[in-house]
Structure formats: C-alpha cells, structure tokens
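Notes for the one structure printed next.
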Amino acid sequence: MSESTRAAEESATDGAAVARDEEPLLKVRGLRKYYFEDDTLFDKLLGRDPTSVKAVDGVDLDVHRGETLGVVGESGCGKSTTGETLLRLREATAGTVEFDGEDVMAMSREELTRFRKRAGIVFQDPFSSLDPRMTVGDIVSEGLKIHDLPEESPDDGRSKREWRRDRAKELLERVGLSADQIDRYPHEFSGGQRQRVGIARALALDPEFVVLDEPVSALDVSVQAQILNLLEDLQTEFGLTYLFIAHDLSVVRHICDRVAVMYLGEVIETGPTDAIFESPKHPYTEALLESVPRASVEEQGRRVDALSGDVPSPRNPPSGCHFRTRCPKVIQPVTVDIPQEQYRGVMDLRNRLERQGFSAASVWETLESEHDGDEPFERDTVVFKEALRDEFDLHGLSGATMDTVEDALEILANGREDEAAQRLRDGFASPCEEEDPLLSDDRHAVACHLYADEDYDADVDPDRVGNPMAGMADVRQPDADGAANGSAGDGDR
Amino acid sequence: MSDTAAAGESRGAPAGHPDDVLRVRDLSTRFFTEEGQVNAVESVSFTVRDGEIFGIVGESGSGKSVTALSLIDLVDSPGRVTGGEVWYRDADLAEEFRDRLPDAVDGEFVDTRRLPKGVRRALRGPAFSMVFQDPMSSLNPSVTVGEQIAEAVEVQRRATANPRRTRSRTQGYGMGKLIADTLLPNRGFTSESSMNRAIELLEQVGIPDPAERAHEYPHQFSGGMLQRAMIAQALAGEPDVLIADEPTTALDVTIQAQILNLLRDLQEQAGTSVVMITHDLGVIARMCNRVGVMYAGQIVERGTLSDVFETPVHPYTQGLLGSIPDLDDPAPRLQPIEGNVPSLLDEEMGGRCFFADRCPKAMTDCLQPISEYDADPGSDEHTARCVLAEREFSEADALPPDHFDRNEEVRGDE
C-alpha cells in the first residue's frame, strides 16, 4: 500500500503532523504471529492438521520519532507478543517491520546486532527478568560487553572494564539508584528498584527506541508514579521513542501521545490519546473506558453496563469482526428491526450454540436441579422456553422475528441444537460476521462496520485497489445494502 | 469514632453505630520469622455495618490481606494473632456463651477471639466467609468445580443439622475413614441435593450452563468464571460478612466490571456485609461506603468515602491519591510518594509514625507513637493516625530532610 498517500493524508487532516517526520521511525505492516499446536512429527504422521493460535493477526502500527505510542488491550489480546515480535525476539509468521527504513525481518545476524543496539526493551516482571546470580552492575553493563563497547580504550587510562563499570554507575544514578549499590544482587532490591535496574539496562546502549512492556503493572501505585515520572524524564533527556504496552488505561492516558487499542490480535482503533479517550469510536474502546473504576467520590455506586462473556479463544476467533460476539452494538440485518438488547440476546444464544457447545440437556439438568417438591420432574417445553427467554432477554418480540425465535427454541427443546443454531443463523445473520472490518485510514482510525459509511464514501485510493487488504470496496458490493442499512438502522450510537 | 479513646479499657464491645455487625479493636498479628518479628498488623480497629461494603485499601505489604485472615482466624504459622478483639453481633451465640464466658459477651456482641477454637471454626461459613485473590490457585485443580462448591454446601448443611458440633463436620477424620476411603476411593462426601444446591449457586453468580459447567475442572474455566465460582463457594453458608480479598486484581477491566456488579447485586439482595480489600482506589470508590487506608500494618486513616477521597488528612492518603493518573483529566505530572514501603521487621520499626521517613510534612512530634485522632474535615467518623489531625504543620518543628538517613546512634540520642 502506498505510504506517501497515507502520510500526505495524515498531514492534511492534522496540521500538527507537520512538526513530525514524514517517515515514521518504526513502521509495522500486517504483522502476524501464529503459534501452532499439534505440529510435531508425530502429529504429521497421524495426519493431524496443526491448529493455529492467532496471537497477533495482522497489526499495522506507526511509531514516530520522539513520541510514545501506547498499545492497550486485555490479557491475551497479543500486545506483548506484538512488542516482542517487532523487535524480532520472536520470529513473525508474516508481515513487515521497518525500522528507520530498514527491514527488520530481513536483517542478517550482524545487522540484527546493530539493530539491537538501537532498540531496547523493558520487561514487565522485575522479579523474573533480572538474573538472580548477577550483580546489578553486571546486568546493566552486560549489553555493553556483548556489543564490545567502548570500541577503543578510553583516553584517561581506564580499562574498558572500568569504563563499563563507570557507565553502569552513571546509569544507576540516572534512574534514581545510588552508585554504591552496583555490587548488590537483584534480590536485595524492591520491585520498584528492580524495575529501575531494568530501565538502566535498556538505556545502556543509548537506544533510540524502547519497547516498554507493562513496565509498571507489577508495582504499587506510589512506586508506579515514580517510574512513570522517570520514564518521562528520560524520554525528554535522551530523545527516546517509546512503544508503551499496558492494560491500565489511566497510565496510558497519562504517558502516551497516541494509542492503539487491540482486541484478539488486531488493532481495532488507533489515534491521538485525547481523541481516543474523549471520543472513542469503537464499541470495545467505549466499553473499556466505561469499565475502568475512577478514583473519585462520583464513582460511588456507579453501575457499569459490563460487556457480557469472555474474550473468545484465539484458536478459533469469530468470523468477521472479532468483537461481534460481545459487541453491544452489533449490527442487525436489514430483515430484522428489534430493540438492540433483544438482538444482542438472540446473538448471545446463537453464539453459545455455535461456539460454546450449549446443549439442551444441560438446561434440562439445571431445571431438574431447581425442581423441588415431591412429584417427579417432568420435561415441560413451556418451562424450558421460558427459562431461555429469561436468560437471554428475549421477551417482547413480535411478528416474524418472534416466530423465528420461538421456532428455534422449540427445536432446541427437542434436543436438536445444530438445527436451532441454523434457524437462528438464517434469521439473524449480522453483517458484522460476514467480513473483518478494516482499520480506516485517517488519524483517528477505527475498524468497525458502524463507521463503514464514513470510510468508504471517501475516495478510494487507486493505489490500494488490487491489494487484498484494500479490497473492501469490491467485497462490500454483494451485501452493500445490508451493511449500509445496518449501520443506518442502528440509531442508538 | 470514639471507640479508640476507650482503647485502654478492654471490657465489653467498643461503642459504635447501632447497625454494626462487626467491631474490631486493636487487632495485632505478628509473624515470627527467622529474620525477626514482623508486625504485619498493628492495632487495627474498624467497624463493619449491616449491608454495607467496607473497603480496606493499601499497597502490597501494608497488611490488608493479613488483617482479613486475622478476622476469620486463618493466620498460619509462623504468624499468630497476638492481641485485639473481634466483636461479632449474633444474639443466639451471645446467649449461648453468656454464662460460660461472660468476658466474651457484651449485649448481642461476642468477642470471637475469646471463644473456643472449635466455635471460631464453626463461624466460618455461616458468619464469615472469604473470596480469595487468585482464583486459579485457590481451587483444587483435581476436583470438579461443582464438587468443590457442593462440599462447602454439604459442610454447611451438616453444620446446621448439628449446630456448632464441629467434630461432626470436617474433623474427626480418623483411621477408620482413611482405610474406607482408600479402599473405596469414589465414596463421595457430597450428596445429590448438595450438588443441586451448588448448581443453583453457580447460576446465581451468573455462570452460563451451570449444570454442565459444574462437572468441569477449574482449568476449563476462564479467570472471570473461576472468580464467580469462588464467590458461589463463599455464598454456600449464606454468610453475614463476606470478606473479598482483591477479588478483581487478577482480572481484566471488562471482567472486573462484571464481578463488581455481581458483588454489588449479592450485597443488595442478601443484605450481606462485605469487607472489600484491594489496592485499587477506583474499585474502592465504586463499591464502598466507608474506607480504611492501611500503611505498614496500621489503618492510618478511615472514614466515609468522601472523608478519605475529598478531605484526606494523612499525608500518605494524599500521596496515594496524587499517585494515580486520572483517566478523565490527566495531570501533566504525577506527585508520587518518595521512597519505598518499609519492611515490617519489629526492630526496624521504632516507636514513631511509620510514614515519617517518607512524609513531606514530618515534624518532631512524629517521632513518638501516634494514636488515632478524630479528624476535623468531613463526617464525625473521620479519623487519622497523624498529628496533622490535631495541629497545623509548622516549618519550625519540621524534621531536617536527612533526619532518617543519619545512623541509629544519632536517632537514639533524640
């Protein structure tokens, strides 16, 4: 895809971007990292197909010089894997990573060593990421030794080793430890102090770019604030560029210039921090922000409309939009026009039937366990249907919609789950499950069908036609009316 | 509250609000380790009312979890509850022990610390129960979730049939039973009716397909679902006081919101009192009516939510609130508390305010033990363990910044 047009568009939409380099320092395109299970020789002999776990499934990121890009998401969304894969600490399954114009994925050993000098990482857990048998001085100067620094013996008669030790002392002082702690071991330090050691280690080689993988999530709030202030100071002092991975939204808001929100291996929304936090577009971002408890008196007793269910397994992500199984704003097909909560209920029931092995037998069992009284339990389909209507909030439907749902419940009560799922699928297929929404192309970008109109009414970039990722305009034709109507019909956003 | 003033006399329950279900006075727990005596909980006093959520907030190592364990007498060796009283309101229990243990009874209140061990044990379940922090490691991985909850139900059921005969419950597992169980490993403890009750409980806490999920093992549950199962287990005895120790710390925010909603529903429907222990001030703000802030084993400030969040007196509380980035209105720079949480070794603590070495407003008055003072701003329940509740800060009395850096001898001279 054409980067120049993207950059041009970016600077056109926002005047502030002029101050920034045209070309980002780090450019990630279509990054994928799959892990394979059942992939041993033995499995192959038995003819088993490997199953993939799609930890990172097509991530695009730009990190500009001197900025902090935040990557947020819940556990298991692939944010840490993204951070490690783009530094090539893990080999990517597909995708490109350009660092200052060089392709990281294609680097030779020597080039990679040079790259490692320019890009560092601070790990999440300060307890397991420091070698307990090395002194902090050795830990901080290990990188210098590996890169054989200093290149020449210092002029002042110090040996290279002494130079490295002095450098380690400087770094420890800089991150707020004292230089005479250089011969201590990690276990003698508290969590916050260890994280400072980890930061000193990442800074030892004067990097330009640092991946901060949840650097404060293991720390107490008072210490967390110290580390956040330190990271900000270091960024100003050394002109660092950060990729800040975190799950804590208030920390991200505090430290990041731009944010990318991830869900199930994909970036679903990205943009300037204030735009994301003040006017989130994606329903998932909205739900995340809504869920965070604020530390103020107004928070008392606030009830959050929590997202239902858990994050689906990355082994078998939902078709189309990955978030559709939990999305409160999932788009209704043209043929259906019911209140959104009830549509959500129908989709929940379908989802349970299709993805979670929901069975009529377990409903009967539950009903039986609740049944008390002396007469023996009898299977009554009326009670069965009522229980499901209660659970999935399906009361008050009417017309054809009600007939379909009642039909499906009747079929389900007779123990034919697949048929019931099929009936619901025929009647209620959402445009969201047909195709994966693409991340739009502007500064505040979102991957959601609700915003499809805004994106695709814009001029289609001629350079992108023919690119599978850009095939949106073509793919959309068959169900164009569906998607358009769906988003138009969704009045409550 | 005025109960602290009466701390010297140790007869009877502390005075308090008529709705109190729990009044804790001067509870202290020590751990006797090889490195020395650790004062994990240091004269903690607070009260919990009917149907309210009382929050205890503090950083790691501040003693909040040990406080919870001390309440229900679950502190393990080398730790021991060394002092204090836990007054629990239960008219029947009070009647039962009024003659036998007059010291342990005051009106409807019973001091559980003075009751025989077996009775204390019998209170776990119907009176107190606990939701632990890490659901993954708190459930037995080799027993199905339903079975584990049914066990709890069964224990409570046998207990109700035979109140306070603790031997008939879990104890008394002698050689005969051991041999029987070895020969017949499938001899279940649970019955069908307790399993049905377990399924009901699972449904009550919002687990879909409860009948089916009950037969699954903990590893087949997600973190949020396991935490729900833990809550179901804690509800088996229909407790008066539910102690939730960091119930959402291991969970993502969207799942955290679900669990907090669930706890709120349970508390409103059943009128259960909840003691909510967490490090997250946001969770406290959403859930709690009254709050205690812990630091170094002490409750340094307590009061209603607005006392603590709007008009904090203790510099630690102020520092804690200044340390968290605000989601809606980010400040350009955070105001952290300098330094680190102290170790709680007895010999290093000294008889002074434990926060003085990190406190921006430390004065010479802070070098003596500080008792709990009534704090002026806010409601009349607002107390703080800080001299600033009694007097203004003055530069003249301020400690020099390097006061605590000087060595022991210098400190000893003062």
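Couple of notes before you dig in:
- Ordered from largest to smallest accessible area (heavy atoms of protein chains, 1.4 Å probe), the residues B:L399, A:L234 come out as B:L399, A:L234.
- Across peptide B:272-285, the mean count of Cβ atoms from other chains lying within 10 Å of each residue's own Cβ comes to 3.
- The accessible surface of chain A, taken with every protein chain in place and a 1.4 Å probe, is 47 percent carbon and sulfur.
- The dipole here belongs to the protein assembly as shown: it is taken about the Cα centre, uses +1 on the Cβ of Lys and Arg and -1 on the Cβ of Asp and Glu, and is about 2900 debye.
- Counting only other chain Cβ atoms within 10 Å of each residue's Cβ, the peptide A:210-223 averages 4.
- In plain terms, chain A is cut at each of the GluC sites (Glu not before Pro) found in a DSSP loop with at most 10 other Cβ atoms within 10 Å, and the longest leftover piece is A:153-377.
- Chain B, accessible surface, carbon-and-sulfur percent (1.4 angstrom probe): 48
- Between B:S193 and B:M175, the contour length at 0.36 nm per residue exceeds the alpha carbon distance by 3.7 nm.
- Förster radius 51 Å - calculated FRET efficiency between B:D92 and A:F377 (Cβ-Cβ, nearest 0.05): 0.90
- Environment charge at A:L353 (Cβ cut-off 12 Å; Lys +1, Arg +1, Asp -1, Glu -1): 0
- Figure note: B:M349, A:M134, B:M175 ranked by solvent-accessible area, largest first, 1.4 Å probe, ligands and nucleic acids not counted: B:M175, A:M134, B:M349.
- Residue-normalised accessible area of the protein assembly as shown, given per residue in Å² at a 1.4 Å probe: 44
- Compactness of the protein assembly as shown, taken as the C-alpha radius of gyration over 2.2 N^0.38 Å, stands at 1.04.
- Using a 1.4 Å probe over protein heavy atoms, the accessible area lost on pairing B with A, summed over both chains, comes to approximately 4600 Å².
- Straight-line cross-link reach from A:K33 at under 15 Å between alpha-carbon atoms covers these aspartates and glutamates, not counting any fewer than eight positions away in the same chain: A:D57, A:D60, A:E84, A:E91, A:E266.
- Assigned charges on the beta-carbon of Lys, Arg, Asp, Glu; segment A:332-429 dipole about Cα centre (debye): 620
- Listed peptides A:174-186, A:52-64 by packing density, highest first (mean Cβ within 10 Å): A:52-64, A:174-186
- Residue-averaged beta-carbon neighbours from other chains (10 angstrom radius) around A:360-366: 5
- Absence of a disulfide-compatible partner, taken as no other cysteine beta carbon within less than 4.7 angstrom, is noted in chain B for B:C288, B:C359, B:C386.
- Solvent-accessible ranking of A:F123, A:F36, largest area first, probe 1.4 Å: A:F36, A:F123
- Modelled label positions at A:R118 and B:D76, each set 7 Å beyond Cα in the direction of Cβ, lie 5.2 nm from each other.
- Normalised contact order of chain B, rounded percent, pairs of Cα under 8 Å and 6 or more residues apart: 19
- A:E188-B:E390 FRET efficiency (beta carbon distance; Förster radius 45 Å; 0.05 resolution): 0.70
- For a label point 7 Å along the Cα-to-beta-carbon line of B:N261, residues of segment A:267-294 with backbone N under 13 Å: A:287-288, A:290-292
- Taking all protein chains as they are arranged and a probe of 1.4 Å, the heavy atoms of A:W364 leave approximately 10 Å² accessible to solvent.
- The helix-only estimate of mean residue ellipticity at 222 nm for chain B, built from DSSP H runs of length n ≥ 4 each weighted as -39500 (n - 2.57), is -9000 deg cm²/dmol after division by the residue total.
- For B:R80, neighbours were defined as the other residues whose beta-carbon sits under 11 Å from its Cβ, and their charges (Lys and Arg +1, Asp and Glu -1) total -1.
- Within the shell of other residues whose beta carbon sits under 13 angstrom from the beta carbon of A:L230, the net charge comes to -2, with Lys and Arg scored +1 and Asp and Glu -1.
- Shielded by partner chains, segment A:272-304 residues - at least 50 Å² of accessible area, 1.4 Å probe, vs chain alone: A:S291, A:P293, A:R294, A:A295, A:V297, A:Q300, A:R303
- Spatial separation of Cα centroids for segment A:68-146 and segment A:175-244, in angstrom: 15
- Summarising the label geometry, the points placed 7 Å from Cα in the beta-carbon direction at A:E162 and B:E200 lie 8.1 nm from one another.
- With the charge dipole of the protein assembly as shown set up from +1 on Lys and Arg Cβ and -1 on Asp and Glu Cβ about the Cα centre, the Cα lying farthest toward the positive end among the listed residues A:P318, A:C256, A:G47 is that of A:G47.
- Farthest towards the positive end of the charge dipole of segment A:148-218, among the residues A:S217, A:L205, A:L149, is the Cα of A:S217, using unit charges on the Cβ of Lys, Arg, Asp and Glu.
- With both residues required to sit in chain A, DSSP beta bridges show an antiparallel share near 60%.
- Cβ charges +1 (Lys, Arg) and -1 (Asp, Glu), total dipole of chain B, debye: 1940
The values are calculated or read from the model by the stated rules, or taken from the named source; none is laboratory data. The structure displayed is predicted, hence computed values, not measured ones. Cβ atoms come from the backbone with ideal geometry, glycine included; neighbour counts cover every protein chain shown. Calculation scope for accessible area: heavy atoms of the full protein, side chains included, ligands and nucleic acids excluded. Shrake-Rupley method; radii C 1.70, N 1.55, O 1.52, S 1.80 Å.
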